[in-house]
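Rule-based calculations on the coordinates, nothing more; no lab input. Predicted, not measured: the structure shown is a model, and the values here were computed from it. Using ideal geometry, Cβ is built from the backbone for each residue, glycine included, and neighbour counts are taken over all protein chains shown.
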Amino acid sequence: MTDNCRVVVLLSGSGTTLQAILDQQNQYCYQVVGVLSNRPDAYGLERARSAGIDTRSLDHKHFPSRESFDLELMERIDKFKPDLVVLAGYMRILSHAFVKHYQGKLINIHPSLLPKHKGLHTYQSALDAGDKEHGTSVHYVTEELDSGSVVMQGTLNITPADTAKTLEQRVKVMEHYLYPRAIDWIASGRITVEDDVISLDKKPLGPQGYRISEKSIASTE
Ligand code: GAR
């Protein structure tokens, strides 16, 4: 990608992930040039404005179909001329046209160790399944929900004291560390994709991408 990779962020909610991306952009080679939301009241838009970033909101409820909404959204995104489109808590299923249009430059972060626990309520699902570990995945977006090649995963050990709430808190700390790094690795060209295989510095990664544990994140901070 480019030395100063133009990033557009899409979000639907409070935007703590966006905040981490913004807070760390000075140390990395990406630049957030626009933030868009399908929810006009998303607090993430407020965070972007406070950081002096251009925002757009487009209420999906005003569109007759997913396809018509996504077409308008694509037009608005493209005005920012992005090199990378970053989903950060963007809680809408994407249309075929949208995914195709941004193929190879559209990434997402999902709070589970994909392919486990796609969709919503991943923390409770992991507890209900009796999983020993949980975490988060940064992945390229394909048409299938929460699928696509995994770039990076953050892992943690579930303890008997954990609840959905504590898992969410622990996962979010990892996400705020991982996502800006993953964006930087893609922006700088360290991450490449060929035939759905992700490589870091030309070395192919496994299907779970680059893995880092909560413990080692804590020791670097
Ligand atoms: C993040 O934890 C992210 O992993 C999740 O939404 C949260 C957004 O938090 N994304 C998904 O569940 C996508 N399937 P935020 O609004 O505080 O940034």
Determine which member of the set Ser137, Ser147 is within 12 Å of the ligand (Cβ to nearest atom), part of a strand (DSSP E or B) and either hydroxyl-bearing (Ser, Thr, Tyr) or within 20 Å of Ala20 (Cα to Cα) (or both). Ser137
Give me the residue from region 157-175 that is among the β-branched types (Val, Ile, Thr) and over 16 Å from the mean Cα position of the chain (by Cα) and, out of that set, nearest to the ligand (Cβ to nearest atom). Thr166
If you go through region 182-212 one residue at a time, how many are of a type in the set (Gly, Ala, Ser) and assigned to a strand (DSSP E or B)? 1
Return the residues of region 117-156 that are closer than 12 Å to Ser213 by Cα and either more than 13 Å from the chain's Cα centre (by Cα) or not polar (S, T, N, Q) (or both); say none if nothing qualifies. Glu133, His134, Gly135, Met152, Gly154, Thr155, Leu156
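Please state which one of His121, His110 is near the ligand (Cβ under 10 Å from one of its atoms) and within 20 Å of Leu205 (Cβ to Cβ).
His110
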Region 9-40, residues that are under 17 Å from Met91 (Cβ atoms) and either more than 15 Å from the ligand (Cβ to nearest atom) or without any contact (Cβ under 8 Å) to a residue 24 or more places away in the chain (or both): Pro40
What is the residue count in region 29-54 for residues that are among the hydroxyl-bearing types (Ser, Thr, Tyr) and buried (at least 17 other Cβ atoms within 10 Å of the Cβ)? 2
Kindly list, by first and then second residue, each pair from a residue in region 68-79 that is surrounded by 20 or more Cβ atoms within 10 Å (Cβ to Cβ) to a residue that is part of a helix (DSSP H, G or I), limited to pairs with Cβ atoms under 6 Å and residues at least 6 apart or on different chains. Phe69/His60; Asp70/Phe98
Unmet criterion (only one of (1) more than 15 Å from the ligand (Cβ to nearest atom); (2) touching a residue at least 60 places away in the same chain (Cβ under 8 Å)) for Leu58: (2)
